[in-house]
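Peer 1: The structure follows.
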Amino acid sequence: MEVLSGLMVPTETWIHGGFDPAETKSFTAMLFLCLLLGALLQILYGLYFRDNEPQDASLGRSMTILTPTLMTIFWIIQYSLPLSVGLLGTLSFVRFRAPVKRAEDISFIVLALACAISCAIFRPLIACTLIALFYTYAWLRNFSPWASWTARRFAVVTYNTRKNPELKDIEAILKKARCKNYEFVSARTYDGVSSFVFNISNLQSAKLQQVTQLLEAEDHDSNINVFFPNGRMSV
């Protein structure tokens, strides 16, 4: 084992100031495999959410870049303890500028991390098994007969009013309309108008009418907009 510039590199892999051809070929093979796995993760992200829930297009596209990049980092630091410790210190300052709100989005990042580590330690079968497993789950979630029985359609509901209600008041209306699967997205007040945005799953036509009536009862001059992805609505 030689120590060169803080890197603990096996002597047999260090030839004339660089890694030997076998090491270079292994790294190149794993790098391209991670690139392929990242592309598969991007497809899996779209398949998993499909059109039933909102997708973060930027996060989906980043899978192709993130996976081989992470693999390269772990490949570099696996022979160096100083680099490993330094990486921990560096990453402690890294923060998401825009917080990842959905746990499933974080799960995709962790999945990319697992694939990168498995390739860095020459265990690509682990990554391929994970990808195959979650592709199977995504198919069952969206296309199986069981999924058709429990299918949920996703809708975006915006409510604009001048009465300046609190969030808990709007949530109480949604619960009264039996909309259990809702997610608060944002709220803002501008020029005297308060705007609330909700994502609601399984918003059937009967529930939609009830929600609209209850919201209008709070403010007859309010403006309510409902958007369905691809024009789909639950029956």
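Let's see how each residue does on (1) part of a helix (DSSP H, G or I); (2) of a type outside the set (Lys, Arg); (3) over 30 Å from residue 24 (Cβ atoms); (4) modelled with pLDDT of 90 or more:
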| residue | (1), (2), (3), (4) |
| --- | --- |
| 98 | no, yes, yes, no |
| 107 | yes, yes, yes, no |
| 125 | yes, yes, no, yes |
| 147 | yes, yes, yes, no |
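Peer 1: State which residue pairs qualify: first residue in the same structural domain as residue 177 (by TED's automatic domain parsing) and inside the range 188-211, second residue among the aliphatic types (A, V, I, L, M) and outside any strand (DSSP E or B) in any location, beta carbons under 6 Å apart, and separation of 6 or more residues or different chains.
Peer 2: Cβ pairs passing all conditions: 196/170; 207/177; 210/177; 211/177.
Peer 1: Also, quick follow-up: Can you tell me how many residues in the range 1-46 are in a helix (DSSP H, G or I) and either modelled with pLDDT of 85 or more or among the hydrophobic types (A, V, I, L, M, F, W, C) (or both)?
Peer 2: Number of matching residues: 23.
Peer 1: Further question on the same structure: What residue, among those in the range 166-215 that are acidic (Asp, Glu) and either touching a Pro at 6+ places or on another chain (Cβ under 8 Å) or surrounded by 14 or more Cβ atoms within 10 Å (Cβ to Cβ) (or both), is nearest to residue 156 (Cα to Cα)?
Peer 2: Checking each candidate, the answer is 183.
Peer 1: Residue by residue through the range 171-207, note down the ones that are in a strand (DSSP E or B), hydrophobic (A, V, I, L, M, F, W, C) and over 26 Å from the mean Cα position of the chain (by Cα).
Peer 2: If the condition is that a residue be in a strand (DSSP E or B), hydrophobic (A, V, I, L, M, F, W, C) and over 26 Å from the mean Cα position of the chain (by Cα), then 193 is the only one that fits.
Peer 1: Within the range 50-60, identify whether any single residue is modelled with pLDDT under 85, in a strand (DSSP E or B) and surrounded by fewer than 15 Cβ atoms within 10 Å (Cβ to Cβ), and answer yes or no.
Peer 2: There is no residue in the range 50-60 that is modelled with pLDDT under 85, in a strand (DSSP E or B) and surrounded by fewer than 15 Cβ atoms within 10 Å (Cβ to Cβ).
The values are calculated or read from the model by the stated rules, or taken from the named source; none is laboratory data. Predicted model, so just to flag it, every value in this text is computed and none were measured. Cβ: placed from backbone, ideal geometry, glycine included. Neighbour counts: every protein chain shown.
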